[in-house]
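Novice: Here you go, one structure.
No value in this document is a laboratory result; all are computed from the given coordinates. Only a predicted model underlies this, so the values are computations on that prediction, with no experimental measurement involved. Here the Cβ is made from the backbone with ideal geometry for all residues, glycine too, and neighbour counts use every protein chain on show.
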Amino acid sequence: MKAPIKRYVDENNTLEVVSLHHIVVKPGSDPWKFPLHNHSNHLEISLVVSGKASFEIDHVKYTLNSGDLVVKNAGTLHSEKSSAEDGFEQYCIGISGVMNPGMDPDTLVPDSISPVIQTGSAFDYLRAMTAYLYNLSSDQASKASDLTKQAIENEISLINMLISNAVEVSDHTPHSELVEGVLNYIDTHVGETMSLETLARQFYVSTYHLSHKFKQEFGCTVNQYILNRKLGEAQQRLVFSDDPIKEIAADCGYPNLQYFYSVFKKYTGSTPAETRHYYQNVRRQVR
């Protein structure tokens, strides 16, 4: 007797597409970029169709090329920026309701496997499946249909097969205890006012030591990372929620709405309102 086919959803099949984007950036155009953020209630998959991009996932940087699959478990901190020279195309789909045996909800990649997986000979098939799922989910009439749920399950099953065949990776060189502590503190206190000085006092070190150590290990300054996290959290909520902009600003540590608009526009090139409109209303991004 054959062993039963392993399923990766619960018996009620609560799978749902909660977000989807088809991003196309032409070579020589402004790059696609999304600052550090996470999704607590769903996982996200990105399939790179063409071009090149830099992703950061749980504080580890990766260079992605055509055929690479990225799996961001629920709660995983990540950012992305495409290459202006090479252009970029990807399908990015957020899915909830994934129940993988022995793992937390909406989790596919175990700690021992890299979140970036080369699809190899499965690329064409996965691309066709992902495009089909994208088209199904773009139609509101069929988004909640059994056909769409089956398409999601097929996608998840194929990705799980790729993950199960992936080679386990050794742990990345860890950050020092100080830098890891600072990163975790910033990530869990995004809504608070922070600076190099306040963090140095928090961790009982000099500003010089913290500044030098953080830049050496992480490649950017403490204040740059704080800003990136705050703007990433703000952009994530602008795109994936209907929360008022004033509330988002305050929750990200900007009680002064005018100042928040100024900082957001300076570093992203768009106002919060423009960003919300762009991402929520244009699924296929062409520049």
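Novice: Using only the alpha carbons of segment 76-181, what is the convex hull's orientation-averaged projected area in square nanometres?
Specialist: 9.6
Novice: First select every other residue whose beta carbon is under 12 angstrom from the beta carbon of His59; then total the charges, Lys and Arg +1, Asp and Glu -1.
Specialist: It works out to a net charge of -3.
Novice: With contacts defined as alpha carbon pairs under 8 Å and 6 or more residues apart, what's the relative contact order of segment 16-165 in percent? Before the final figure, lay out each step's value.
Specialist: Working: 309 pairs, mean separation 40.9, N = 150.
RCO, segment 16-165: 27 percent.
Novice: Only Cα pairs within less than 10 Å get springs; with that Gaussian network setup on the chain, which residue of Leu69, Leu15, Leu199 has the largest fluctuation?
Specialist: Its mean-square fluctuation being the largest, the pick is Leu199.
Novice: Can you tell me how much longer the chain between Ser50 and His212 gets when fully stretched, taken as 0.36 nm per residue apart minus their C-alpha distance, in nm with one decimal?
Specialist: 54.6 nm
Novice: Would you kindly state how much longer the chain becomes between Tyr261 and Ala144 on full extension, computed as 0.36 nm times their sequence separation minus their alpha carbon distance, in nm to one decimal?
Specialist: In short, 38.5 nm is gained.
Novice: Just want to confirm a number: the relative contact order over the chain, from Cα pairs under 8 angstrom separated by 6+ residues, in percent.
Specialist: Once divided by the residue count of the chain, the mean separation gives 21 percent.
Novice: Here's a follow-up. Roughly how far apart, in whole Å, are the Cα centres of segment 143-164 and segment 78-128?
Specialist: 13
Novice: Counting helices only, and only those DSSP H runs with n ≥ 4, report the 222 nm mean residue ellipticity of the chain as the sum of -39,500 (n - 2.57) divided by its residues, in deg cm²/dmol to the nearest 500.
Specialist: Calculated from helices alone, the mean residue ellipticity at 222 nm is -12500 deg cm²/dmol.
Novice: May I pose another question? Pull out the extension gain between Thr188 and Lys26, defined as 0.36 nm times the separation in residues minus the alpha carbon to alpha carbon distance; nm, one decimal. Mind showing how you got there, number by number?
Specialist: Numbers: separation 162, 0.36 × 162 = 58.32 nm, distance 3.59 nm.
Gain on extension, Thr188 to Lys26, equals 54.7 nm.
Novice: Can you figure out the FRET efficiency of Leu227 with Ser164, using R₀ = 25 Å and their beta-carbon distance, to the nearest 0.05? Working shown, then result.
Specialist: Numbers: r = 39 Å, r/R0 = 1.56.
The formula returns an efficiency of 0.05 here.
Novice: Would any residue of segment 110-135 have its amide N under 19 Å from a label point 7 Å out along Cα→Cβ of Val18? List them or say none.
Specialist: The answer is 110, 134.
Novice: Further question on the same structure: Could you work out the relative contact order of segment 192-276, using alpha carbon pairs under 8 angstrom and six or more residues apart, expressed as a whole percent?
Specialist: Once divided by the residue count of segment 192-276, the mean separation gives 22 percent.
Novice: Moving on. Which residue, Asn228, Asn165, Asn100, has the most motion in a Gaussian network model of the chain that connects Cα atoms within less than 10 Å?
Specialist: Its mean-square fluctuation being the largest, the pick is Asn165.
Novice: Shifting gears a bit: In whole angstrom, how far apart do the alpha carbon centroids of segment 174-191 and segment 211-265 sit?
Specialist: 16
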